[in-house]
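K.L.:
Take this structure first; my questions come after.
The values are calculated or read from the model by the stated rules, or taken from the named source; none is laboratory data. Keep in mind the model is a prediction, meaning the values are calculated, not measured. Note: ideal-geometry Cβ built from the backbone for every residue, glycine included; neighbour counts use all protein chains shown. Each accessible area value is taken on the protein alone, full model and side chains, heavy atoms only, with ligands, DNA and RNA left out. Shrake-Rupley method; radii C 1.70, N 1.55, O 1.52, S 1.80 Å.
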Amino acid sequence: MKLTKEELEILYILEENHRLSTGVIAKQTQLSEEKVEEIIKKLEENKVIVSYPAIIDWSKVEGQENVIAMIEVNVTPKRGVGFDEVAERIYRFPEVSSVYLMSGAFDLSVTVEGKSLKEVATFVSEKLSTIDSVVSTRTHFILKKYKHDGVIIEGKENKDRRMVVSP
Amino acid sequence: MIDVNQFLSKTAAELPPSGIRKFFDVAAQMENVISLGVGEPDFITPWSIRDETIASIEEGYTSYTANPGLLELRQEISNYLKNRFNIEYDPKNQIIVTIGASQALDLAFRAILNPGEEVLIIEPAFVSYPALVTLAGGKPVQVGTKAENGFKVTPEQIEEALTPNTKAILICSPNNPTGTFLNKDDLTKIAEVAIKHNLVVITDEIYAELTYDEDYVSMASLPGMYERTITINGFSKAFAMTGWRLGYVAAPEALIQAMLKIHQYTTMCAPHMLQHGAIEALRNGKDQVEEMQRSYRRRRNYIVSSLNEIGLECHTPGGAFYVFPSIKNTGLTSQEFAEQLLKKERVAVVPGNAFGESGEGYIRCSYATSMEQLQEAIIRIDRFLKSLNVKQEQVAIEK
């Protein structure tokens, strides 16, 4: 899909902060508010904009700390559907937060979130490994998140160190 | 008690303090201030540049470099000026790496000015220009521009200011504090006057990468201008490297060699390890510069629309990260406006007269701050204007 300069600019803006009002985006892009709304609607309808999630540091919320594992999965692809069928079987589980088809030593990279180590381990052994075409799994638990989707979780650089007024 | 003032030179004693200084002292002591008074990027230097510099320290690059800077860096600067602005400077004898563009300006004035020779300064202008001319023994001659001309100088204004002692004209595009961008036509007009009257043109192109609507044209690339142009640029604004104090000057060989003598006696060379960071900036920094440009352009559009909407008329500046709205409809002076706005609403802006007399009636707002801060600043300024009972007529935005 070929986008116009304005559409691309709006994507850049939303990727950085999708909570800006259309009024502000209109000013930033020198477009009318109606035009901005129209562009956003079009991009949503075409699934160029898929969703607007927030990045949340759950480790800060008492009682909501979760366990995340990244799992390398080897599978046997099926004739005609390749990896898509098994990927779909995996991504339908709500515990699974991402599934990517990878080049290299394994096939699917699967991210699983759970309330505890046990919960994730149970999911891997009882749900994931038991899928027919899954040959093997290697589970890596995330110990700490430093940067997620381009956002530094807790950086030293967020502080403005500039003087209040300068020439 | 000895009066220590007696030890001061006449020049130092008479040098006026920067108009910004006073304001800084007040603002710095207040809390919860939203500052639109900052004359530098809100980005931190891209990591690859910092990383390269750290590595150069680890590897022991702690000695002096050649006086004009590392040849490798001068080569990169030369390539950049050729590729970006189509001007050719020999890295071996036409470029000096300096301590910020400020030192480059100092070198330029010292190299060309005889006592009493005049330099035309297009105002409103960066606060250092007149002082640098004075310190070099010259005489600064202010040429004030007008908002209705988009703060661009006209050839007539330049000719009116000429005297037999006029040696040079200093231009800065995009401009601090007005953000005014001079396109090829504007530069050509200035060039014609310079050629006609045999003037040197010193062009401060520090904001060249922060240009939002038109392609940048460098003065030295215009016909007949190369020999009489001193090109000054640096890393501060384009690469968010203000604190590094790294700039450069490029000019015909005879001028550079004169500047080099002054440079070697006064500063020896720019810091070695930082020059390695600058090489990385020129080699691999393009994408990050473009990303910053996009971000500034958005914020410029936002603040221009918003200020006009709340009744502070301002033109759309073609570059830098400043807008220069008129506050004449408030009946206050620039100084009063800035002081009251700071006290009542805790928004710091710089009074326009800090940049020369022609800046009176305007304020400089820097939009090198986050969108959240800008939005809040607009709310506060709007409230401030309402408290002054200013008739807030929505001003049509000129494009």
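K.L.:
Which of (1) surrounded by fewer than 15 Cβ atoms within 10 Å (Cβ to Cβ); (2) part of a loop (DSSP other than H, G, I, E, B); (3) more than 9 Å from chain A (Cβ to nearest Cβ) is the odd one out, the single condition B:Met30 does not satisfy?
P.N.:
(3)
K.L.:
I'd like the full set of residues that are of a type in the set (D, E, K, R) and either in contact with a helix residue (DSSP H, G or I) (Cβ under 9 Å, 6 or more places away or on another chain) or within 14 Å of chain A (Cβ to nearest Cβ) (or both), limited to segment B:275-309.
P.N.:
Matches in segment B:275-309: B:Glu280, B:Arg283, B:Asp287, B:Glu290, B:Glu291, B:Arg294, B:Arg297, B:Arg298, B:Arg299, B:Arg300, B:Glu309.
K.L.:
Kindly establish whether B:Glu290 is on the phi < 0 side of the Ramachandran plot, in contact with a Pro (Cβ under 8 Å, 6 or more places away or on another chain) and open to solvent by 50 Å² or more (accessible area, probe 1.4 Å).
P.N.:
When the stated conditions are applied, B:Glu290 does not pass them.
K.L.:
Could you list, in sequence order, all residues of segment B:8-27 that are in a helix (DSSP H, G or I) and among the small types (Gly, Ala, Ser)? Working first, answer last.
P.N.:
So in segment B:8-27, the residues in a helix (DSSP H, G or I) come out as B:10-14, B:19-27.
Matches in segment B:8-27: B:Ala12, B:Ala13, B:Gly19, B:Ala27.
K.L.:
Still on this structure, I have one more. Report whether or not B:Ala238 is more than 21 Å from B:Phe109 (Cβ to Cβ) and open to solvent by less than 10 Å² (accessible area, probe 1.4 Å). Before you say what the answer is, go through the steps one by one.
P.N.:
Details: more than 21 Å from B:Phe109 (Cβ to Cβ): yes; open to solvent by less than 10 Å² (accessible area, probe 1.4 Å): yes.
So B:Ala238 passes the test.
K.L.:
Right, here's the next one. Consider only pairs whose beta carbons are under 6 Å apart and that are at least six residues apart or on different chains; among these, list those whose first residue lies in segment B:168-195 and is in contact (Cβ under 8 Å) with a residue 12 or more places away in the chain and within 14 Å of chain A (Cβ to nearest Cβ) and whose second residue is of a type in the set (Gly, Ala, Ser) and not in a helix (DSSP H, G or I).
P.N.:
B:Asn176/B:Ala320
K.L.:
Here are B:Gly69, B:Gly60: which of them is modelled with pLDDT of 95 or more and open to solvent by less than 20 Å² (accessible area, probe 1.4 Å)?
P.N.:
None of the other options fit; the residue is B:Gly69.
K.L.:
What are the residues in segment B:270-284 that are closer than 17 Å to B:Asn79 by Cα and either among the acidic types (Asp, Glu) or outside any helix (DSSP H, G or I) (or both), if any?
P.N.:
Once the filter is applied, which keeps residues that are closer than 17 Å to B:Asn79 by Cα and either among the acidic types (Asp, Glu) or outside any helix (DSSP H, G or I) (or both), segment B:270-284 yields only B:Glu280.
K.L.:
In segment A:34-116, which strands (runs of 3 or more DSSP E) lie fully inside it and hold 1 or more residues that are of a type outside the set (Asp, Glu), touching a residue at least 40 places away in the same chain (Cβ under 8 Å) and buried (at least 17 other Cβ atoms within 10 Å of the Cβ)? Lay out the reasoning, then the answer.
P.N.:
Values: elements: A:67-75, A:96-101, A:108-114.
It comes to A:67-75, A:108-114.
K.L.:
Could I ask something else about it? Out of B:Tyr207, B:Tyr216, I need the residue that is crowded, with 23+ Cβ neighbours inside 10 Å, at pLDDT 95 or above and closer than 30 Å to B:Gly37 by Cα. Which one?
P.N.:
B:Tyr207
K.L.:
Out of the residues in segment B:243-282 that are of a type in the set (Ser, Thr, Tyr) and touching a strand residue (DSSP E or B) at 6+ places or on another chain (Cβ under 9 Å), state the one that is most open to solvent (accessible area, probe 1.4 Å).
P.N.:
The qualifying residue most open to solvent (accessible area, probe 1.4 Å) is B:Thr267.
K.L.:
Sticking with this structure for a sec: Of the residues B:Gly116, B:Gly137, B:Gly144, only one is open to solvent by 20 Å² or more (accessible area, probe 1.4 Å) and closer than 17 Å to B:Glu357 by Cα; which?
P.N.:
B:Gly144
K.L.:
Okay, moving on. Is segment B:315-330 home to any residue that is in contact with an Asp or Glu (Cβ under 9 Å, 6 or more places away or on another chain), in a loop (DSSP other than H, G, I, E, B), among the small types (Gly, Ala, Ser) and not assigned by TED's automatic domain parsing to the domain that holds B:Thr178?
P.N.:
Yes, segment B:315-330 contains a residue that is in contact with an Asp or Glu (Cβ under 9 Å, 6 or more places away or on another chain), in a loop (DSSP other than H, G, I, E, B), among the small types (Gly, Ala, Ser) and not assigned by TED's automatic domain parsing to the domain that holds B:Thr178.
Conditions (1) assigned to a strand (DSSP E or B); (2) within 16 Å of B:Ile95 (Cα to Cα); (3) out of contact with any helix residue (DSSP H, G or I) (no Cβ under 6 Å at 6 or more places or on another chain); (4) not basic (Lys, Arg), marked per residue:
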| residue | (1), (2), (3), (4) |
| --- | --- |
| B:Val193 | no, no, no, yes |
| B:Asn198 | no, no, yes, yes |
| B:Ile202 | yes, yes, no, yes |
| B:Tyr207 | no, no, yes, yes |
| B:Gln264 | no, yes, yes, yes |
| B:Met268 | no, yes, yes, yes |
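K.L.:
From B:Ile190, B:Ile206, which residue is more than 18 Å from the chain's Cα centre (by Cα), of a type in the set (Val, Ile, Thr), under 20 Å from B:Gly319 (Cβ atoms) and assigned by TED's automatic domain parsing to the domain that holds B:Tyr248?
P.N.:
Only one candidate qualifies: B:Ile190.
K.L.:
So B:Ser102 fits all but one of (1) buried (at least 24 other Cβ atoms within 10 Å of the Cβ); (2) under 17 Å from the mean Cα position of the chain (by Cα); (3) closer than 17 Å to B:Lys237 by Cβ; what number is the exception?
P.N.:
Tallying (1) buried (at least 24 other Cβ atoms within 10 Å of the Cβ); (2) under 17 Å from the mean Cα position of the chain (by Cα); (3) closer than 17 Å to B:Lys237 by Cβ, B:Ser102 fails exactly one: (1).
K.L.:
Within segment A:122-167, can you find the residues that are within 14 Å of chain B (Cβ to nearest Cβ) and touching a helix residue (DSSP H, G or I) at 6+ places or on another chain (Cβ under 8 Å)?
P.N.:
The answer is A:Met163, A:Val164, A:Val165, A:Ser166, A:Pro167.
K.L.:
I'd like the residue in segment A:2-35 that is basic (Lys, Arg) and more than 12 Å from chain B (Cβ to nearest Cβ) and, out of all such residues, is nearest to A:Gly150 (Cα to Cα).
P.N.:
A:Lys2
K.L.:
Within segment A:56-85, can you find the residues that are among the β-branched types (Val, Ile, Thr) and out of contact with any strand residue (DSSP E or B) (no Cβ under 9 Å at 6 or more places or on another chain)?
P.N.:
Listed by number, the residues that qualify are A:Ile56, A:Val61, A:Val81.
K.L.:
Take segment A:16-31 and flag every residue that is open to solvent by 30 Å² or more (accessible area, probe 1.4 Å), at pLDDT 95 or above and in a helix (DSSP H, G or I).
P.N.:
Once the filter is applied, which keeps residues that are open to solvent by 30 Å² or more (accessible area, probe 1.4 Å), at pLDDT 95 or above and in a helix (DSSP H, G or I), segment A:16-31 yields A:Thr22, A:Lys27.
K.L.:
Being facing chain A (nearest Cβ under 10 Å) and open to solvent by 30 Å² or more (accessible area, probe 1.4 Å) narrows it down to one of B:Thr333, B:Thr316, so name that one.
P.N.:
Sole residue among the options that is facing chain A (nearest Cβ under 10 Å) and open to solvent by 30 Å² or more (accessible area, probe 1.4 Å): B:Thr316.
K.L.:
Say whether the condition of being under 30 Å from B:Arg110 (Cα atoms), among the β-branched types (Val, Ile, Thr) and in contact with a Pro (Cβ under 9 Å, 6 or more places away or on another chain) is met by at least one residue in segment B:250-260.
P.N.:
Yes: segment B:250-260 contains one or more residues that are under 30 Å from B:Arg110 (Cα atoms), among the β-branched types (Val, Ile, Thr) and in contact with a Pro (Cβ under 9 Å, 6 or more places away or on another chain).
K.L.:
OK, next. So which pairs qualify, if the first residue must be in segment A:142-167 and surrounded by 10 or more Cβ atoms within 10 Å (Cβ to Cβ), the second must be among the hydroxyl-bearing types (Ser, Thr, Tyr) and not in a loop (DSSP other than H, G, I, E, B), the Cβ gap must be under 6 Å, and the two must be at least 6 apart or on different chains?
P.N.:
Once the first residue is surrounded by 10 or more Cβ atoms within 10 Å (Cβ to Cβ) and sits in segment A:142-167, its partners that are among the hydroxyl-bearing types (Ser, Thr, Tyr) and not in a loop (DSSP other than H, G, I, E, B) give A:Val164/B:Ser35.
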